[in-house]
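Following: one structure in structure tokens, then a few remarks.
The values are calculated or read from the model by the stated rules, or taken from the named source; none is laboratory data. Quick caveat, the model's predicted, so the values are computed rather than measured. Cβ atoms come from the backbone with ideal geometry, glycine included; neighbour counts cover every protein chain shown. In case anyone asks, the SASA skips ligands and DNA or RNA and just uses the protein heavy atoms, side chains included. Shrake-Rupley method; radii C 1.70, N 1.55, O 1.52, S 1.80 Å.
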Amino acid sequence: MVAIIVDYFLTHRPLLGLIAFFPILPIVTFKKSRLFFTNHKRHLLTLFIVCGGIFSVFSGQDMNWDLLNYHFYNPYAFINGRLDIDIAPAQLQTYINPLLDVPEYFSLRYLPPIITGFIFGGIQGINIFIIFLIAYEIFHKYSDKRRFYYSLAVSAIGFLGAANIGEIGATNNDNIVSIFILCSIYYSIIFARR
């Protein structure tokens, strides 16, 4: 059903369908049949980061079980030298490498929750940009206009996925690690086409 709706909007009313997904389409300007963002990808990256940060702030403060169990404790124990004193206070997760949680620990400890949520939502918004770049490379046979719209639709669907919606701005680290995985996929596509 969703595929039929997306296909209808992309085929018959692409502007209306994509505005429903992202608030950035009115900013698009055309110059000599080339899209503004194809030449200025850093602006698109900035918009996706801001969208991720704003969505994270409106999602509310993160209080998941993993944060309460080990995402906050592990970096605390690592920084304060308690790894060899406390014996498995977070059960098995006590032994997960705490380095990925250290920036989250400092931001949760010393920054207001809204700033913390915006920062980590913005960082996780980089995933949307990389998905856009991957789709833009995959749709290389289409015209620039269709290529842009299709790539934007793919990134919108990736952003609105259940796993991303639940974890954007959260401390689960899945959306942080996926940045590197998506970058490797993007560069694999680039090098495969050469």
How do 54-67, 121-134 rank on mean C-beta neighbours within 10 Å, highest first?
-> 121-134, 54-67
Just the projected area, averaged over all directions, of the convex hull on the alpha carbon atoms of the stretch 49-194: how many nm²?
-> 10.2
Two pseudo-spin positions, 7 Å from Cα along C-beta at Phe78 and at Ile181, lie apart in nanometres by 2.0
When Lys and Arg each count +1 and Asp and Glu each count -1, what net charge do the other residues less than 13 Å away from Tyr76, Cβ to Cβ, add up to?
-> -1
Quick one: pull the percent of accessible area on the stretch 39-106 belonging to carbon and sulfur, 1.4 Å probe, ligands and nucleic acids left out.
-> 65
Efficiency by 1/(1 + (r/R0)^6): what FRET value for Met63 and Lys41, r their Cβ-Cβ distance, R0 = 45 Å, to the nearest 0.05?
-> 0.80
Over all alpha-carbon pairs of the stretch 77-154, lay out the pair-distance distribution in 10 Å bins, whole %, shortest bin first.
-> 16, 26, 22, 18, 13, 5, 0
Label model pair Arg194, Val102: point-to-point distance (7 angstrom along the Cα→beta-carbon line) in nm is 3.3
